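**Student:** Here it is, the structure in full.
Throughout, read-outs are computed from the coordinates displayed, never taken from laboratory work. Note that this is a predicted model, so its numbers are computed, not measured. Cβ placement follows ideal geometry from the backbone for every residue including glycine, while neighbour counts extend to all protein chains displayed.
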Amino acid sequence: MVSTEDIGGVDREETTAAYRERPRPLGEWLKKWVVNISKYKTTKEEATVLSKGLNFAVSAEGIPTDEYIVPTEQACKFLPEEESHQLRAKVAGLLHSAKPPQSNLAKGEDRPWET
């Protein structure tokens, strides 16, 4: 096993943290990951969002209330009246107290495709 003294007294965790936080030339870094094969010229903001990868999903701007209310009303048709009122009250309470998620895009990256 190699001790921290053997590598100059530097802890591995410290070096990896410093490596992650190092300044990167944005243009060169993006060119490695984003390849535009169309005639459309992407802006720097669009390229930054695209560089996040295919598994990246933009967080919702608000709570999609229709996606909860419509199925609840459809389910209430098959429930007794007392239970349907309780279900509606629970869903309404949850929607009232729900908070939209924080944006996972930086200020400059905020929805560049909507311009």
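**Student:** Through the Karplus equation 6.51 cos²θ - 1.76 cosθ + 1.60, θ set to phi - 60°, convert the phi angles of the stretch 80-86 into ³J(HN,Hα) values in whole Hz; use x for Gly and Pro.
**Tutor:** x, 4, 4, 5, 5, 5, 5
**Student:** Here's a follow-up. How far apart, in nm, are two points set 7 Å out from the Cα along the Cα-to-Cβ line at L54 and at E82?
**Tutor:** Roughly 5.4 nm, to one decimal.
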